[in-house]
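Sharing a structure, written as structure tokens. Questions coming.
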Amino acid sequence: MLGICLWLGYAWDMSGPGLLDRVGQPKGGDFPHFYVLGQLVRAGRADLLYDMAAQSRMLAAIIPEKPLAYVPLYGPQVSLLFAPLATLPYGTALAVWDVANILLYTIACWLVWRRCPFLQRERATVLVLAAALPGFFSLIAWGQTSGLALLLMVLGWLAWRDERYLLAGVAFGSLVFKPQLFVPAAAVLLLAGPWRVAATTLASALLQLVFTWQRFGTAVMQQYAHALIQTGRVMSWIEPRPWATHSSRAFFTMLAPRPWIAMTIYALFAIAIVALAVTGSRRHADLNQRFAILLLATLLLAPHLGIADLVILAPVILLMANWARGNPGYSDRFAWPLCAVYATPLLGWTARWTHLQLSVAAMAWLFWVCVKSEGRDHLESPEDLPA
């Protein structure tokens, strides 16, 4: 029912004529920004990739009904991804990108589900829950790039499982196009190991940046570095509605009376999350559980996290539901935090008045349960359970 309501509401919202939805926002949410980045690289104007005013003028020509402005923070390499779509009319390009995101998400979920032996008989339930996941709905509604980040992390995990450490590092390192996810993920991998995955992750990220530098030149890379350094000063532009974001940094910002207090608490919280992630990773031999811990730590450490980024919770929910089914004594302990992580993103709007972002609390709760749980790490099928 939840999924039906979400998707019917989205279909109605998008059914209006023109490039604005029925509430006056651009169709595709953040996609206009990506579309313009693709246009710039095709036109040979990489010098404007970090020119907010120039991009706003281009957006006005595409969607004249509403003034738009996006803070340019993505790496120059992202513009190459959207260059082919920039040859299409905006509406067509958005439809193609939506289909691509659906495919990326479907493939990622299928790859994880196939490694969940205790969920193999729950195909219909898994399909319905995956389709109704708030993060997936938001990924499509906002036209974001989190679907690609999700698949890269899943591919890295699969390669890691098969001890193909080079491929695992290539996949994890490719996340550098989304620094807010790459940095925390790389930090946990570096401290929790294995060192071969961490080393190849850093090498892969460095190679991507070197390629980008050679493709776009020093001047553009300097502009990119400057944009990242200035992120703190433009955070009010990036997050005009802090209650609509799902990062722990925003969580503490809304609760603390002063910004410096919030940042101090966030720093201490980040240290605790890293320490727990390292402890949990070393405590569990099962890579499924270690991967869930890595994903949750990445989300909790990310300094900026939109609701579309919560699509990365899909593997966590699948893997930990499978683990709990394989450890019946833990089913009750996991049931409530899994339900909370799934549903609380839909209650994000309540933080506007309560100043309490429930999704962050839910992720921290599930993270704690994952780290502290003890059970059978190596069950491969329901037949392995004791009679």
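All of the numbers you see were taken from the coordinates with simple rules; none came from a lab. Values in this document were obtained by computation on a predicted structure and should not be read as measured data. Ideal geometry is used to build each Cβ from the backbone, glycine not excepted, and the neighbour counts take in all protein chains shown.
For the peptides 321-333, 74-86, 202-214, what is the packing order when you average, over each peptide's residues, the other Cβ atoms within 10 Å and list the highest mean first? Don't skip to the answer; put the middle values down first.
On the way: 321-333: 17.8, 74-86: 19.8, 202-214: 16.0.
Ranked from most to least packed, the peptides come out as 74-86, 321-333, 202-214.
Can you work out the Karplus-derived ³J(HN,Hα) for every residue in the range 123-140? Use 6.51 cos²θ - 1.76 cosθ + 1.60 with θ = phi - 60°, whole Hz, and x for glycine or proline.
4, 5, 4, 4, 4, 5, 5, 5, 5, 9, 4, x, x, 5, 4, 5, 4, 6
Give a quick list of trypsin sites (Lys or Arg not before Pro) in the range 59-138 that DSSP marks as loop, anything other than H, G, I, E or B, with at most 13 other Cβ atoms within 10 Å. Provide the component values of the computation, followed by the final result.
Numbers: sites: ARG114, ARG115, ARG121, ARG123; in loops: ARG114, ARG115.
Here the sparse-neighbourhood loop sites are ARG114.
Roughly how tilted is helix 52-62, in degrees to the nearest 10 and between 0 and 90, from the longest Cα axis of the chain?
Taking the Cα atoms of the chain, the angle to 52-62 is about 80 degrees.
Apply the Karplus parameterisation 6.51 cos²θ - 1.76 cosθ + 1.60, with θ equal to phi minus 60°, to every residue of the range 174-182 and state each ³J(HN,Hα) to the nearest whole Hz, in sequence, with x for glycine and proline.
For the range 174-182, the Karplus curve yields 5, 5, 4, 5, 10, x, 5, 9, 5 Hz.
Now for a separate question. How would you order 253-261, 271-279 from highest to lowest mean count of nearby Cβ atoms within 10 Å?
Result, highest mean Cβ count within 10 Å first: 271-279, 253-261.
Going by how many other Cβ atoms sit within 10 Å of their own, how do ILE265, ILE229 line up, fewest first? Display every interim value, and only then the final one.
Details: ILE265 17, ILE229 9.
Ascending Cβ contact count within 10 Å gives the list ILE229, ILE265.
Is the chain best put as rounded, prolate or oblate by its Cα gyration tensor, with a ≥ b ≥ c the root eigenvalues, rounded for a/c under 1.5, and otherwise prolate when a/b is larger than b/c, oblate when not? Let's see the in-between values first.
On the way: a/c = 1.56, a/b = 1.41, b/c = 1.11.
Prolate.
Under the Karplus relation 6.51 cos²θ - 1.76 cosθ + 1.60, θ = phi - 60°, what is the ordered set of whole-Hz ³J(HN,Hα) values for the range 339-351, x standing for Gly and Pro?
4, 5, 4, 5, 9, 4, x, 6, 9, x, 4, 5, 5
Cα axis of helix 218-229 to longest principal axis of the chain: angle in degrees, 0 to 90, nearest 10?
Compared with the principal axis, the helix lies near 60 degrees.
Turning to a different aspect of this structure: Sequence-distant or interchain residues sharing an amide H contact under 5 Å with LEU20, placed H: which?
Placed amide hydrogens put LYS27 under 5 Å from LEU20.
Using per-residue counts of other Cβ atoms within 10 Å, averaged over each peptide, order 3-10, 52-59 from highest down. Write out the running numbers ahead of the final one.
Values: 3-10: 13.8, 52-59: 15.6.
The most tightly packed comes first, giving 52-59, 3-10.
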